[in-house]
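The values are calculated or read from the model by the stated rules, or taken from the named source; none is laboratory data. Keep in mind it's a predicted model, so treat the numbers as computed, not measured. Cβ placement follows ideal geometry from the backbone for every residue including glycine, while neighbour counts extend to all protein chains displayed. Heavy atoms of the whole protein, side chains included, go into the accessibility calculation; ligands, DNA and RNA do not. Shrake-Rupley method; radii C 1.70, N 1.55, O 1.52, S 1.80 Å.
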Amino acid sequence: MRKADLFDEIIFRLRESAAHEPTAQIDPDLLQALMSAAPPREEKKIITPAPAPVAPAPETIPLYAPEPPVRKPLAGSLQALAQTVQNCQNCPLCSTRKNVVFGDGNPNAELMFIGEGPGESEDEQGLPFVGRAGELLTRMIGAMGFDRWNDVYIANIVKCRPPGNRNPEEGEARACLSYLDQQIELVKPKVLVLLGAVPLLYLLNMRGIMRLHGNWFEYKGIKTLPTFHPAYLLRNPPMKAEAWKDLQIVMREFGKTPQKRNG
Ligand code: URA
Ligand code: SF4
């Protein structure tokens, strides 16, 4: 996390604590978690593999890399699935994509986030949530006490970018959904967090994110909680407080306690 972002976040939380009821108060532990959410690079335990004798030239220069992704090998069949999806032509989005954005993260994650589909940066890099919304999602996950690159798994409803960042159409979402189902089956998370109205519609067949966010549902036997999409939160910053309440519900599921009250 950049220093400026960290201060923004802390100031945002302090404002929140002044403006909201006690559950939204910041506590020293949370502040500590925020401070340590993105340790300086030198503190990070990144095991760099010995360089190959001839390093291949990178084909593209990433537009934006909030954190150096520490690559973990995909579990066998998740990798096989990723390979299949690379060549998918099951819907028209295949003709406009630059890269398939399969998903990313810990293949054994207990917590999985599901977005709608790749945006421009994701399409460029082939990784989910690496643009501005991704930067916020990374901070949200950090504030929950998880590392975005190592602890959780992140995937989308559609794996190819809808042109102009429009929402995926129903036919596209339905064409792509079996991949997501297989990812969920392979990762076997304990909890799914749905980011916004699109995954709410296509996984739970429900509309009304404003009404339904922060409530538990079940998808294929997995506890599932919808919250707001980070891109929506960027456009509506006051709603971050609501999203944070939702994420605290998820934290409790993992025995993480963001708030400690005296007495
Ligand atoms: N928005 C999404 O829903 N998914 C991404 O991967 C990036 C932005
Ligand atoms: Fe295939 Fe999904 Fe891409 Fe459509 S969006 S081409 S179904 S991978």
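Charge dipole of the stretch 139-263 (Cα centre as origin; +1 on each Lys and Arg Cβ, -1 on each Asp and Glu Cβ, all else neutral): 440 debye, rounded to the nearest 20. Assuming a ≥ b ≥ c are the square roots of the Cα gyration tensor eigenvalues, decide whether the stretch 163-231 counts as rounded (a/c under 1.5), prolate (otherwise, with a/b larger than b/c) or oblate. Oblate is the answer for the stretch 163-231, as a/c is 1.5 or above yet b/c matches or exceeds a/b. The distance between label points at Gln86 and Glu253 comes to 3.2 nm (points 7 Å beyond Cα on the Cα→Cβ vector). Under the rule a/c < 1.5 gives rounded, and otherwise a/b versus b/c splits prolate from oblate, where does the stretch 136-254 land using the Cα gyration tensor? The shape class here is rounded. Per-residue extension of 0.36 nm, minus the Cα-Cα distance of Met210 and Glu185, leaves a gain of 6.2 nm for this segment. For the listed residue pairs Lys98/Lys245; Lys188/Lys245; Lys188/Lys256; Lys98/Lys256; Lys159/Lys188; Lys220/Lys245, the alpha carbons are over 29 angstrom apart in Lys98/Lys245; Lys98/Lys256.
Compute the Cα gyration tensor for the stretch 75-161, then decide on rounded, prolate or oblate, letting a ≥ b ≥ c be the square roots of its eigenvalues: rounded whenever a/c is under 1.5, prolate when a/b is larger than b/c in the other cases, and oblate in all that remain. Oblate is the answer for the stretch 75-161, as a/c is 1.5 or above yet b/c matches or exceeds a/b. Here the 3J(HN,Hα) profile of the stretch 141-148, calculated from phi with Karplus coefficients 6.51, -1.76 and 1.60 at θ = phi - 60°, is 5, x, 5, 7, x, 10, 9, 4 Hz, Gly and Pro shown as x.
The magnitude of the dipole of the stretch 82-136, with charges of +1 and -1 set on the Cβ of Lys/Arg and Asp/Glu and taken from the Cα centre, is near 180 debye.
Under 12 Å from a label point set 7 Å out along the Cα-to-Cβ vector of Thr96, the amide N atoms of the stretch 138-171 belong to 160-169.
Working from label points 7 Å from Cα in the Cα-to-Cβ sense, the Arg132 to Asn108 distance is 3.8 nm.
Sorting Lys240, Lys98 on solvent-accessible area from highest to lowest, probe radius 1.4 Å, gives Lys98, Lys240. Taking amide H as placed 1.01 Å from N in the peptide plane, Gly119 has its amide H under 5 Å from the amide H of Phe129, each at least 5 places away in sequence or on another chain.
Computed over protein heavy atoms with a 1.4 Å probe, the accessible surface of the stretch 151-191 works out to 40 Å² per residue. Rolling a 1.4 Å probe over the protein chains gives Lys223 an accessible area of about 80 Å². Of the peptides 183-189, 248-254, the order by per-residue mean of other Cβ atoms within 10 Å, starting with the highest, comes out as 183-189, 248-254. Phi angles across the stretch 232-243 convert, under the Karplus curve 6.51 cos²θ - 1.76 cosθ + 1.60 with θ = phi - 60°, into 3J(HN,Hα) values of 5, 5, 5, 7, 10, x, x, 6, 4, 4, 5, 4 Hz, Gly and Pro given as x.
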